[in-house]
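One structure below.
The values are calculated or read from the model by the stated rules, or taken from the named source; none is laboratory data. Everything numeric here is computed off the predicted structure, so don't read it as measured data. Counting neighbours? That spans all protein chains shown, and the Cβs are built from the backbone with ideal geometry, glycine included. The area values use the complete protein model at the heavy-atom level, side chains included, leaving out ligands, DNA and RNA. Shrake-Rupley method; radii C 1.70, N 1.55, O 1.52, S 1.80 Å.
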Amino acid sequence: MSYIIPPQSTVALGDTGLTVSTLAWGMWRYAGDDVAAARARVEAALDAGITLLDTADIYGPDNGEPFGAAEALLGRVLADSPALRDRMVLASKGGISMGVPYDSSPTYLAGAIDASLTRLGCDRIDLYQIHRPDLLTHPQEVARTLDDARTAGKIVAIGVSNHTPAQTAALAAFLPVPLVSHQPEFSALTTTPLFDGIIDQAMERGMAVLAWSPLGGGRLADPQDARARAVVALLDAKAAEAGVDRAAVAYSWIMAHPARPIPIVGTQNPARIAAIPDAYTPRWTRTEWYAVLEASLGEKLP
């Protein structure tokens with residue numbers, strides 16, 4: 001039986017000199033006041049070999065906390081345990097302003113980068129991504145602000161989140177260095193990046209694809225419609241075969257694509273964080289992988 005080539009556990013992030021794990025841990029729900037508990041979650045990820053940690057300045061309000069709360073909590077953890085910083089590749093995002101909603105103007109974006117660094121207590125952010133495109137800022141201005149931060153040593157690598165291929169190309173045209181990442185929503189239930197050009201552009205340009213909401217916003221955990229149930233049935237069959245849980249199989253389905261997308265896993269349970277590398281266990285045949293895609297689409301491919 002012929003299997004799709006499995007992903008490696010690490011990959012270079014463009015030509016930045018950074019190497020990241022091919023699974024990431026996300027901090028959208030990283031919250032609370034218990035620094036020891038927050039540190040335990042970070043350590044669980046790092047001990048599991050997950051070096052890419054993804055946060056954003058907007059993470060906080062969705063948890064009933066202030067803007068910047070997730071970054072600030074990580075900053076308190078790093079202040080308490082500074083050695084952890086050298087074990088991670090730290091990614092953050094900016095360009096969302098509460099109530100605006102988007103602002104990548106030079107003054108705001110430069111201030112957002114500085115504010116993130118202050119909250120994190122760091123002198124650099126390894127990967128900085130524009131969270132969502134600001135339609136009222138020319139990409140040349142965005143590029144200039146990002147490159148100024150890069151040359152100042154505040155950020156190392158530059159990427160985009162929730163950008164179309166055209167928006168990405170426009171920004172890239174004004175940057176003296178390549179964009180190294182796309183961050184789209186991508187899962188076995190949200191397959192749009194396979195067809196809208198994002199993943200194709202990532203492969204063409206050598207960009208990493210960081211897949212947010214890899215469990216379909218919880219729909220794979222609790223399927224409510226026929227399409228989701230059909231996908232879950234296939235994932236559960238693979239999970240039983242591989243001896244892992246459904247989540248691990250869902251991540252592995254994403255990672256099997258030749259673009260080698262990196263699922264951003266959002267669990268905040270240390271035991272489940274430690275189990276994230278189970279995603280390397282399942283092996284997919286082409287027939288099995290396409291069966292999941294067809295179930296997701298609700299129709300046979302032509």
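What's the total number of residues in the range 46-60 that are more than 30 Å from Pro101 (Cα to Cα) and out of contact with any Leu (no Cβ under 6 Å at 6 or more places or on another chain)? Spell out how you get there, then give the answer.
Going through the range 46-60, the residues more than 30 Å from Pro101 (Cα to Cα) turn out to be 46-51.
Right, trim to out of contact with any Leu (no Cβ under 6 Å at 6 or more places or on another chain) and you get 46-49, 51.
Of the residues in the range 46-60, 5 are more than 30 Å from Pro101 (Cα to Cα) and out of contact with any Leu (no Cβ under 6 Å at 6 or more places or on another chain).
Of all the listed residues (Val249, Val231), the sole one being among the β-branched types (Val, Ile, Thr), in contact (Cβ under 8 Å) with a residue 40 or more places away in the chain and within 16 Å of Leu293 (Cβ to Cβ) is Val231. Taking each residue of the range 96-107 that is closer than 10 Å to Val142 by Cα and looking for partners that are assigned to a helix (DSSP H, G or I) and open to solvent by 80 Å² or more (accessible area, probe 1.4 Å) with beta-carbon atoms closer than 9 Å, six or more apart or interchain, yields Pro106/Arg144; Pro106/Asp148.
The residue that is surrounded by the fewest Cβ atoms within 10 Å (Cβ to Cβ), counting only those in the range 51-100 that are touching a helix residue (DSSP H, G or I) at 6+ places or on another chain (Cβ under 8 Å) and in a strand (DSSP E or B), is Leu90.
Residue check: Arg132 meets all listed conditions (1) buried (at least 16 other Cβ atoms within 10 Å of the Cβ); (2) part of a helix (DSSP H, G or I) but one, namely (2). Exactly one residue out of Asp114, Asp147 is charged (D, E, K, R), within 27 Å of Asp80 (Cα to Cα) and surrounded by fewer than 22 Cβ atoms within 10 Å (Cβ to Cβ), and it is Asp114. Checking each residue in the range 20-45 for being in contact with a Leu (Cβ under 8 Å, 6 or more places away or on another chain), part of a helix (DSSP H, G or I) and within 13 Å of Arg272 (Cα to Cα) picks out Val42, Glu43, Ala45.
When you scan the range 11-19, do you find a residue that is hydrophobic (A, V, I, L, M, F, W, C), assigned to a helix (DSSP H, G or I) and either open to solvent by 60 Å² or more (accessible area, probe 1.4 Å) or in contact (Cβ under 8 Å) with a residue 12 or more places away in the chain (or both), even just one? No, the range 11-19 has no match at all. Restricting attention to the range 263-287, which residues are touching a Ser or Thr at 6+ places or on another chain (Cβ under 8 Å), of a type in the set (Val, Ile, Thr) and open to solvent by 60 Å² or more (accessible area, probe 1.4 Å)? Thr281, the sole residue that qualifies. Do we find a residue being closer than 30 Å to Glu43 by Cα and aromatic (Phe, Trp, Tyr) anywhere in the range 103-111? No: zero hits. The condition of being of a type in the set (Ser, Thr, Tyr) and over 20 Å from the mean Cα position of the chain (by Cα) holds for only one of Thr168, Thr107, that being Thr107.
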